[in-house]
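See structure below.
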Amino acid sequence: MMRRLWALFLLVGCSSAPSAPPPPPLQQSRGPIPWEVTPPAAPTPLRPNMVGPYGPWLADQVLGDGPARYSLRTNQGLTVGQWRSLARRRLLECMAPVDLGGKPEVRVDKTTPYDGLDIQFLSWQLKGGPRTEAVFLKPAGATGPLPGILALHDHGGLKYLGWRKIVRTDDATWPIVLKHQDADYGGTAWANEIAKRGNAVLVHDTFPFGSRRVKVADVSDRIQRKGVDPEPTDEAGIAAYNQWAGQHETEMEKSLISAGTTWPGVYVVEDQRALDVLCSLPGVDSCRLGCAGLSGGGMRTVFLAGLDDRIRCSVAVGFMTTWRDFLLDKCFTHTWMAYVPLLLRDLDFPEILALRAPAATMVMACTEDPLYTLAEVKRADAMMAEIFKIAGVPDRYKFNYYPGGHKFDRPMQADAFAWFDKHLKDTR
């Protein structure tokens, strides 16, 4: 079974290399489930938290506070490549990725010029669910080969929208999209802006957003509640749908677990199929690929960039902390989409992204972001910095802090775009 799962994630790089000998066992291995954990140096005090009097016990005795069993910080006797192989294998075991087929057959539904860009409206059918809609943007008249960017849309409690959250394709942008871009992106469609800098950009809907969303009419009567399936001009209806979709996450999570998979086990595979599409599009240099996203898009960046070696450069925005932060203080602010049951004592959340070492990795966080505890954000930063230092490439890792709340505004975008330019365009 594991071989079949691993085959789903077999990556085709820009060059081939001889097979490496199998890695040695983990130094801290005590069986398939790490019942023994490292307690913190100082006990967690009893204070208001997500689970009341159970918080300190869960944090100290169940999760623990030492380096996780599959952390490179625990297993420095391994090479980075050996560690990556073992830790990714464990991550995939816990994710239980689904089979959505190989590279999908892509249909071009429409083309249009807009704001100095050539834009194609694409779609493809995966094995499960509705047809996926996407847009492909590149500078007008560009023939390539251009660096390819997979731009990952956010969650934002807006499941009615997918790719539209970070793109504009004409001057008749839906009002709800403009409001979202004003609130979270400094009034810009950042996918358009990075395309204008000489990149080929693909933005796709992922499960369950936009074209991939679950419609109220398609679920059981018992859980339809007050949900509606609105038209794009019905702002009140869209708000009602988004509220319903937020409540429906609980049923979705239970059903995914009952099917033997996880939420990342679906959307990570979808993002990989989109990456397959990006690699196949005319004018894209498949050896110069990057991905980025805010919030839910930052979460998707963590998993995709941590697992797929085709991503040469990544920027995760507004989604970085530790499992301990989720456990004690912040799980109520987050989607079910972030969690991989049984992984948590094996690999801390930031170490999923650090699996890409030594590839270029940037993380952005805002110091007043209410979705995270700043001390835990900084602890996540320290974990990743240590791993990149062990890997011998501390300069390939950068963690930027910005004032303000949850956002990916213009100054942050400028820094992210410069990072991509440096690692996807600078040939020195």
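The values are calculated or read from the model by the stated rules, or taken from the named source; none is laboratory data. Just so it is clear, the model here is predicted, and its values are computed rather than measured. Neighbour counts run over all protein chains shown; Cβ positions are idealised from the backbone, glycine included.
Some notes on this structure:
- The condition of being surrounded by fewer than 17 Cβ atoms within 10 Å (Cβ to Cβ) and either among the basic types (Lys, Arg) or under 19 Å from the mean Cα position of the chain (by Cα) (or both) holds for only one of 410, 396, that being 410.
- Count of residues meeting criterion [in a loop (DSSP other than H, G, I, E, B), modelled with pLDDT of 95 or more and crowded, with 21+ Cβ neighbours inside 10 Å] in region 75-103: 2
- Verdict on residue 178 being modelled with pLDDT of 95 or more, closer than 21 Å to residue 318 by Cα and not in a helix (DSSP H, G or I): no
- Across region 125-149, the number of residues qualifying as in contact with a helix residue (DSSP H, G or I) (Cβ under 7 Å, 6 or more places away or on another chain) and hydrophobic (A, V, I, L, M, F, W, C) comes to 5.
- Scanning region 49-84 for residues that are β-branched (Val, Ile, Thr) and over 17 Å from residue 391 (Cβ atoms) yields a total of 2.
- Of the residues 286, 314, the single one that is in contact (Cβ under 8 Å) with a residue 40 or more places away in the chain, surrounded by fewer than 24 Cβ atoms within 10 Å (Cβ to Cβ), closer than 14 Å to residue 150 by Cα and in contact with a strand residue (DSSP E or B) (Cβ under 9 Å, 6 or more places away or on another chain) is 286.
- Any hit, region 252-260, residues being in contact (Cβ under 8 Å) with a residue 60 or more places away in the chain, closer than 26 Å to residue 125 by Cβ and crowded, with 18+ Cβ neighbours inside 10 Å: yes
- Number of positions in region 56-74 that are within 21 Å of residue 306 (Cα to Cα) and at pLDDT 90 or above: 7
- Residue in region 170-182 that is nearest to the chain's Cα centre (by Cα), counting only those that are hydrophobic (A, V, I, L, M, F, W, C) and surrounded by 13 or more Cβ atoms within 10 Å (Cβ to Cβ): 177
- Residue 235 passes every criterion in (1) touching a Ser or Thr at 6+ places or on another chain (Cβ under 8 Å); (2) modelled with pLDDT under 95; (3) of a type in the set (Asp, Glu) apart from (1).
- Selection from region 137-175 of residues that are of a type in the set (Phe, Trp, Tyr), part of a loop (DSSP other than H, G, I, E, B) and closer than 15 Å to residue 296 by Cβ: 160
- Count of region 163-221 residues which are closer than 16 Å to residue 119 by Cα and among the hydrophobic types (A, V, I, L, M, F, W, C): 13
- Candidates in region 338-351 are the residues that are assigned to a helix (DSSP H, G or I) and crowded, with 22+ Cβ neighbours inside 10 Å; of these, the one that is farthest from the chain's Cα centre (by Cα) is 351.
- Sole residue being modelled with pLDDT of 95 or more, of a type outside the set (Gly, Ala, Ser) and within 28 Å of residue 412 (Cβ to Cβ), chosen from 168, 107: 168
- Pairing residues of region 407-425 that are touching a residue at least 12 places away in the same chain (Cβ under 8 Å) with residues that are part of a helix (DSSP H, G or I) and of a type in the set (Phe, Trp, Tyr), at Cβ distances under 8 Å and at least 6 apart in sequence or on separate chains, gives 408/190; 413/190.
- For residue 363, the stated conditions hold: it is within 19 Å of the chain's Cα centre (by Cα), modelled with pLDDT of 95 or more, crowded, with 20+ Cβ neighbours inside 10 Å and closer than 23 Å to residue 192 by Cα.
- Annotation: residue 35 fulfils all but one of (1) surrounded by fewer than 19 Cβ atoms within 10 Å (Cβ to Cβ); (2) at pLDDT 95 or above; (3) aromatic (Phe, Trp, Tyr); the unmet one is (2).
- Single unsatisfied condition, residue 323 versus (1) buried (at least 20 other Cβ atoms within 10 Å of the Cβ); (2) over 15 Å from residue 94 (Cβ atoms): (2)
- Selection count where residues are part of a loop (DSSP other than H, G, I, E, B), within 24 Å of the chain's Cα centre (by Cα) and basic (Lys, Arg), scope region 185-242: 3
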